[in-house]
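J.: Below is the structure I would like to discuss, written out as structure tokens.
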Amino acid sequence: MVQISAAMVKELREATGSGIMDCKRVLAEAEGNLDKAFDLLRKKGLAKAAKRAGRSTSEGVIYSYIHTGAKLGVLVEVNCESDFVAKTENFQMFVKNIAMHIAAANPAGLNPEDVDPAVIEKEKEIYRAQMIEEGKPENMIDKIVDGKVEKFYKDVCLMSQQYVKDPQQTITDVLKETIGKIGENIQIKRFVRFQVGE
């Protein structure tokens, strides 16, 4: 059996923000392999997040981010279950990172239902014209257009966007991971992005 050192526990704890006992447990389970232990902790965190998803989120913060040069700004409301958690460094950092992501990625809404239907209709017209131009069979065009609209939603809806700091994860993944670490349900409620001249 692999000996789990205090240094290994410390390294995993610093990388994940998880408790000492959780780190020891997954390191033992992963036979000392830090990468494997990290993945195990993430999976356990995501499982915890799923259990917490239905809990009420009536506390939280409204955070403002103004980009260098004061030409771009974001207001975002992120809710959690308790005032105590709203004041923690982990929660505050999560909210700041979400605001910075919104500034960089310019999402059109949180989820597909938040995107202006007129924008979707315009996209459909463009996709349809492209398919006709490419000579696609008429009976296939609607399916192709629907697929392209789904991809468009993934690109423009905050919750499905690739996280700018780690494109391997979506904002939903980052949210679930944070819920697992913090131990409370968290909800990105709403946001608005301002850019000079828009």
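The values are calculated or read from the model by the stated rules, or taken from the named source; none is laboratory data. What you are looking at is a predicted structure, and each value in this text was computed from that prediction instead of being measured. Backbone-built Cβ (ideal geometry, glycine too); neighbour counts: all protein chains shown.
J.: Where in the range 117-198 are there helices (runs of 4 or more DSSP H), lying wholly inside it, with at least 1 residues that are outside the structural domain of Ala86 (by TED's automatic domain parsing)?
T.: 117-133, 138-156
J.: Being of a type in the set (Val, Ile, Thr) and at pLDDT below 90: is that true of Val76 here?
T.: No.
J.: Being of a type in the set (Phe, Trp, Tyr) and without any contact (Cβ under 8 Å) to a residue 12 or more places away in the chain is the filter here; which residues of the range 55-80 pass it?
T.: none
J.: If we keep just the residues of the range 15-29 that are over 14 Å from Gly180 (Cα atoms) and of a type in the set (Val, Ile, Thr), which is modelled with the highest pLDDT?
T.: Step by step, filter the range 15-29, then rank; the result is Val26.
J.: Quick one: count up the residues across the range 81-114 that are touching a residue at least 40 places away in the same chain (Cβ under 8 Å), part of a helix (DSSP H, G or I) and either surrounded by 18 or more Cβ atoms within 10 Å (Cβ to Cβ) or touching a helix residue (DSSP H, G or I) at 6+ places or on another chain (Cβ under 9 Å) (or both).
T.: Summing the residues that are touching a residue at least 40 places away in the same chain (Cβ under 8 Å), part of a helix (DSSP H, G or I) and either surrounded by 18 or more Cβ atoms within 10 Å (Cβ to Cβ) or touching a helix residue (DSSP H, G or I) at 6+ places or on another chain (Cβ under 9 Å) (or both) in the range 81-114 gives 13.
J.: Find all pairs meeting these conditions: Cβ atoms under 6 angstrom apart; at least six residues apart or on different chains; first residue within the range 138-153 and within 14 Å of Glu121 (Cα to Cα); second residue part of a helix (DSSP H, G or I).
T.: Cβ pairs passing all conditions: Val145/Lys124; Val145/Tyr127; Val145/Arg128; Lys148/Tyr127; Phe152/Glu123; Tyr153/Pro112.
J.: Right, another one. Of all residues in the range 30-61, which are modelled with pLDDT of 65 or more, exposed (fewer than 13 other Cβ atoms within 10 Å of the Cβ) and on the phi < 0 side of the Ramachandran plot?
T.: Within the range 30-61, Asp35, Lys43, Ser58 qualify.
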